[in-house]
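Participant: Dropping the structure in here first, questions after.
The values are calculated or read from the model by the stated rules, or taken from the named source; none is laboratory data. Note that the structure is a prediction, hence the values are computed from the model and not measured. Cβ coordinates were reconstructed from backbone atoms using ideal geometry, including for glycine residues, and neighbour counts include every protein chain displayed. Remember, those area values only see protein heavy atoms, side chains included, never the ligands or the DNA or RNA. Shrake-Rupley method; radii C 1.70, N 1.55, O 1.52, S 1.80 Å.
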Amino acid sequence: MTRTLTVKRAGPGVTVQDLGRPGHLAGGLSRGGAADRLALAEGAALLGQDAGTAALEMAGAGGEFEASEDMRIALTGAPMRASLDGTPLVWDASHLLPRGGRLKIGGCEAGCYGYLHLGGGVATDPLLGSRSAHLGTGLGRALQSGDRLPVGADPGLRGTGQRLDPAARCEGGTLRVVAGPQTGLFTPEQIRAFENSTFRRDVRGNRMGMRLISDAAELKPGGGLTVVSEVIVPGDIQITGDGSPFVLLSECQTTGGYPRIGSVLPADLPLAAQARPGTAFRFQFVTMEEAMQIEHLEQERRQKLSKSLRPLLRDPRAMFNLLSYQLISGATSGDDLERENR
Amino acid sequence: MAIASEWPRISALGTDGFLVTFADRLNEPANRAALAFRHALDREGWSAVEETSTSLVSAYLRFDPRGSSHAEIRENLAHLLSRENWLDAPLPQGRRLWRVPAVFGTEMAPQLEEAAQAAGLTPKEAIASLTRSPVRVQTIGFAPGQPYLGELPPAWDIPRQSKLTSQVPAGALAVAIRQLVLFPVPAPTGWRHVAQTCFQLFHPDTDEPFVLRPGDELQVESVGAETLERMKADPNGGARAEAIR
């Protein structure tokens, strides 16, 4: 029998996401994929599977889910209130979702995008090499109540009941930037203002990008300059007509004509993606050599995430809020044998 | 203002890409140069390169920085650039002429009159002008399979609307800045919606998901609403392709 996860109820922005569809820029299709790539890597580490495994991305709020058989799950990204049959579940951890158990995932407590990973991964049919929904182009759609998602076979190598300490990324901070093709269109004063101002995320933002506002910086490029539309990539910081920076994210278009002051490093994009309206940012230029070093270290760190896992139940004496933990996680659901015999 | 006066220009884009830009504004030789240079990049097959693309006057390359350094890629690009005068490059091989039926004006394309007026033409003159000769696919971009077509006669150098149309349907043909755009998916736009086709430009479930290629040409043909209605069952919406020799 196929393993399925049934969506009993879903928030408006729950979609299947993996690492997207690279290689179609020339056709006008941007890569897309998970808004917070680090959260994908964390979920993959918790469940011991490939970082490209498809998961559910939950924008703002989750939903209610039920599994057709026992499944391993992991929860990462923006922390959300989650419970299994009424018992709270720890975020940034792996758990057992027993057959028929009701998994409830509520609203974000911080950040924007939470992730529900399944042992074996979401196994919908790939389209152009990816399972990611790309809503702007009509690929896939947001999940609805009643959807039944096929789930892949799970060798279950790493069990459940593990947790990791996530890199903080829901509170804004400094976004490191490399110069790009149009950085030279901005005056030294504008570059200084860009680096020395605090920006806040505007209410306008989605998987395509986020607008930032600041009363300090005067960033309009001078001289009535127009830029011929050219290739744009996630991380690019467009300066729009009113001087506001717009940081492009995973599902941005493939070309654009706004001048770009620079590009945010991929290592810092999870900070941008997870920012709620009002979150404060600063920008800091780094050289390409520094950027390469930062990216190299971040890739190494992500590859070693699985080594940083620790058991959810390691030391109950150190768990000040012991009663809020789901203590059976990592064990069996207790009636596995009965079920097999049924 | 630090604008390089020399073209073409090589610039890093993000942490894993380069743009090679052939001009600071759209022109035909620079458009051909971008297409030909990308084709040459694909032929070179440098091991670290993961993707290439073009836009109106530039070629883009994405690479794996673990496979080649920025300095190496930049040097290779400069070497390839110096090998020939790319502005003299011919158009790509295998180009096709597409004859595309479209309904101008009516409630299906409500901005024909407004666009014609902006161009200083009557609606009838506008239709004649837009169907007189083929327009070329200068680039595919923004949305999947979406062509930018040109170059239209000078009268069509009209600005985009300051206020966006909240949504045009798939198949909409819209005009601004001496170009036409044919929309593959419903989208908000500042371009004026002058005609409606039922040409489906994006087929995600096939081996060739993007119907049009840069260099292809489109001859728009004005038809009545009933004619277009009959063509809806055809994924190409009645559009026919022939090879350009």
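Participant: Return the pair list, or none, for Cβ contacts closer than 8 Å from residues in segment A:72-97 that are farther than 17 Å from residue A:39 by Cα and modelled with pLDDT of 95 or more to residues that are open to solvent by 10 Å² or more (accessible area, probe 1.4 Å) and β-branched (Val, Ile, Thr), at least 6 apart or on different chains.
Facilitator: Matching pairs, first to second residue: A:96/A:160; A:96/A:328; A:96/A:332.
Participant: Could you grab me the full set of residues in segment B:57-96 that are touching a Leu at 6+ places or on another chain (Cβ under 8 Å), modelled with pLDDT of 95 or more and farther than 30 Å from residue A:298 by Cα?
Facilitator: B:57, B:58, B:80, B:89, listed by residue number.
Participant: Restricting attention to segment A:21-58, report how many residues are within 12 Å of chain B (Cβ to nearest Cβ) and on the phi > 0 side of the Ramachandran plot.
Facilitator: Going through segment A:21-58 one residue at a time, the tally reaches 3.
Participant: Still on this structure, I have one more. Which condition breaks for residue B:217 when tested against (1) within 14 Å of chain A (Cβ to nearest Cβ); (2) touching a residue at least 12 places away in the same chain (Cβ under 8 Å); (3) in contact with a strand residue (DSSP E or B) (Cβ under 8 Å, 6 or more places away or on another chain)?
Facilitator: Of the numbered conditions (1) within 14 Å of chain A (Cβ to nearest Cβ); (2) touching a residue at least 12 places away in the same chain (Cβ under 8 Å); (3) in contact with a strand residue (DSSP E or B) (Cβ under 8 Å, 6 or more places away or on another chain), the odd one out for residue B:217 is (1).
Participant: Right, something else. Please go through segment B:121-151 and pick out each residue that is more than 19 Å from residue A:255 (Cβ to Cβ) and in contact with a Ser or Thr (Cβ under 8 Å, 6 or more places away or on another chain).
Facilitator: Of everything in segment B:121-151, those that are more than 19 Å from residue A:255 (Cβ to Cβ) and in contact with a Ser or Thr (Cβ under 8 Å, 6 or more places away or on another chain) turn out to be B:121, B:127, B:131.
Participant: I've got another one for you. Sort through A:103, A:127, A:135, A:96 and tell me the only one that's out of contact with any Ser or Thr (no Cβ under 6 Å at 6 or more places or on another chain), open to solvent by less than 40 Å² (accessible area, probe 1.4 Å), on the phi < 0 side of the Ramachandran plot and among the hydrophobic types (A, V, I, L, M, F, W, C).
Facilitator: A:103
Participant: Also: If only one of B:146, B:138 is under 19 Å from residue B:29 (Cβ atoms), within 13 Å of chain A (Cβ to nearest Cβ) and surrounded by 21 or more Cβ atoms within 10 Å (Cβ to Cβ), which one is it?
Facilitator: Selected residue: B:138, the only one of B:146, B:138 that is under 19 Å from residue B:29 (Cβ atoms), within 13 Å of chain A (Cβ to nearest Cβ) and surrounded by 21 or more Cβ atoms within 10 Å (Cβ to Cβ).
Participant: Further, regarding this structure: Counting just the residues of segment B:151-178 that are under 15 Å from the mean Cα position of the chain (by Cα) and open to solvent by 10 Å² or more (accessible area, probe 1.4 Å), which one comes out modelled with the highest pLDDT?
Facilitator: B:178
Participant: Scanning segment A:26-53 for residues that are of a type in the set (D, E, K, R) and in a loop (DSSP other than H, G, I, E, B), which turns out nearest to residue A:268 (Cα to Cα)?
Facilitator: The extreme case among them is A:36.
Participant: Scan segment A:202-209 and tell me whether some residue there is farther than 25 Å from residue A:18 by Cα and more than 9 Å from every other protein chain (Cβ to nearest Cβ).
Facilitator: The answer is yes; a qualifying residue exists.
Participant: Now a separate question. Look at segment A:138-148 and say how many of its residues are part of a loop (DSSP other than H, G, I, E, B), more than 14 Å from chain B (Cβ to nearest Cβ) and open to solvent by 30 Å² or more (accessible area, probe 1.4 Å).
Facilitator: Of the residues in segment A:138-148, 3 are part of a loop (DSSP other than H, G, I, E, B), more than 14 Å from chain B (Cβ to nearest Cβ) and open to solvent by 30 Å² or more (accessible area, probe 1.4 Å).
Participant: Restricting attention to segment B:149-170, and to residues there that are of a type in the set (Gly, Ala, Ser) and within 13 Å of chain A (Cβ to nearest Cβ), which single residue is nearest to residue B:57 (Cα to Cα)?
Facilitator: Step by step, filter segment B:149-170, then rank; the result is B:150.
Participant: Filter segment A:149-197 for residues that are among the basic types (Lys, Arg) and part of a strand (DSSP E or B); which is most open to solvent (accessible area, probe 1.4 Å)?
Facilitator: The selected residue is A:176.
Participant: Tally the residues that are within 28 Å of residue A:126 (Cβ to Cβ) and either open to solvent by 30 Å² or more (accessible area, probe 1.4 Å) or over 17 Å from the mean Cα position of the chain (by Cα) (or both), restricting the search to segment B:202-232.
Facilitator: 9
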